[in-house]
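J.: I am attaching a structure below and will ask some questions about it afterwards.
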Amino acid sequence: MTRTLAEAPIMVLNGPNLNLLGRRQPEIYGSETLADVESLCATAAAGHGGTVDCRQSNHEGQLIDWIHEAREHHAGIVINPGAYSHTSVAILDALNACDGMPVIEVHISNIHRREAFRHHSYVSARADGVIAGCGVQGYAFAVERVAALLAAG
């Protein structure tokens, strides 16, 4: 079922360690906090008459439960799965169950300029777009892209 931004929020999911934004490896992830990310996303969605539902968990199963919830109650998903990008077939399977729902994958750093194990993302196989290396601004780009995909029908 496809929903519009007027009908349902975009779910913004953040995976492990993203609760430490602004304090963990600022040379890689910057000085912005998760609260800053949430504010950026809310502003971007509001520009399209929508809202966001931002959540973060360090637990794979919790992220999967939220993806299942998004399938029923949200218009699209923006997801930064963190390290689960490179390991979680379970998150990929959950996203694959979100038929017709736009999914955009975000990475704050450019994962392709980092260690070789970070170059592959299972989530990318389902994502309608991948944004990497744009810092936290990438989240705003992702919300904009979800809005564009929803508007295109």
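The values are calculated or read from the model by the stated rules, or taken from the named source; none is laboratory data. Treat the numbers as computed from the prediction; the structure is a model and nothing was measured. We place every Cβ from the backbone using ideal geometry, glycine too, and count neighbours over all the protein chains shown. Calculation scope for accessible area: heavy atoms of the full protein, side chains included, ligands and nucleic acids excluded. Shrake-Rupley method; radii C 1.70, N 1.55, O 1.52, S 1.80 Å.
J.: If amide hydrogens are placed 1.01 Å from N in the peptide plane, which non-local residues have theirs closer than 5 Å to the one on Thr4?
T.: Under 5 Å from the amide H of Thr4: no residue qualifies.
J.: Right, another one. With N denoting the number of residues in the stretch 30-98, provide Rg(C-alpha) divided by 2.2 N^0.38 Å, to two decimal places.
T.: So the Cα radius of gyration is 1.17 times the expected 2.2 N^0.38 Å.
J.: Given labels modelled 7 Å from the Cα in the Cβ direction, how far is it in nm from Gln137 to Arg113?
T.: 1.3
J.: Once you have all Cα-Cα distances for the stretch 69-138, histogram them in 10 Å bins from zero and send the whole-percent values.
T.: Distribution as computed: 21, 54, 22, 2 percent.
J.: Would you compute, from DSSP H runs of 4+ residues alone, the mean residue ellipticity of the chain at 222 nm, taking -39500 (n - 2.57) per run and dividing by the full residue count, rounded to the nearest 500?
T.: Mean residue ellipticity at 222 nm (helix-derived): -11000 deg cm²/dmol.
J.: Now for a separate question. Describe numerically, in nm with one decimal, the distance between label points set 7 Å from Cα along Cα→Cβ at Arg24 and at Gln62.
T.: 1.2
J.: If you don't mind, there's one more thing I want to ask. Compute the angle between helix 137-152 and the longest alpha-carbon principal axis of the chain, please, reported from 0 to 90 degrees and rounded to the nearest 10.
T.: Here the helix axis deviates by roughly 20 degrees.
J.: Among Gly22, Ser39, Ile77, which residue has its Cα positioned farthest towards the positive end of the charge dipole of the chain, with +1 placed on the Cβ of Lys and Arg, -1 on the Cβ of Asp and Glu, and the dipole taken about the Cα centre?
T.: Gly22
J.: Angle, helix 34-46 long axis vs. longest principal axis of the chain, Cα atoms, 0 to 90°, nearest 10?
T.: For 34-46 against the chain, the angle is about 30 degrees.
J.: I would also like to ask the following. Let me spell out the model: positive unit charges on the Cβ of Lys and Arg, negative unit charges on the Cβ of Asp and Glu, origin at the Cα centre of the stretch 84-145. What dipole size does that give, in debye rounded to 20?
T.: The calculation lands at about 260 debye.
J.: Relative to the Cα centre, what is the charge dipole magnitude of the stretch 49-119, using +1 at the beta carbon of each Lys and Arg, -1 at the beta carbon of each Asp and Glu, and rounding to the nearest 20 debye?
T.: Taking the Cα centre of the stretch 49-119 as origin, the dipole is about 380 debye.
J.: Of the heavy-atom accessible surface of the chain (probe 1.4 angstrom), what whole percent is carbon and sulfur?
T.: Percent of accessible area from carbon and sulfur atoms in the chain: 50.
J.: Something else: Can you compute the equivalent ellipsoid semi-axes for the stretch 1-127, i.e. the square root of 5 times each eigenvalue of the Cα gyration tensor, sorted largest first and rounded to whole Å?
T.: 23, 19, 12
J.: Further, regarding this structure: At a Förster distance of 30 Å, what's the computed FRET efficiency of His120 paired with Glu7, Cβ-Cβ distance as r, to 0.05?
T.: 0.30
J.: Quote the charge dipole size of the chain about the Cα centre in Debye, to the nearest 20; the model charges only the Cβ of Lys and Arg (+1) and of Asp and Glu (-1).
T.: Here the size comes out at about 340 debye.
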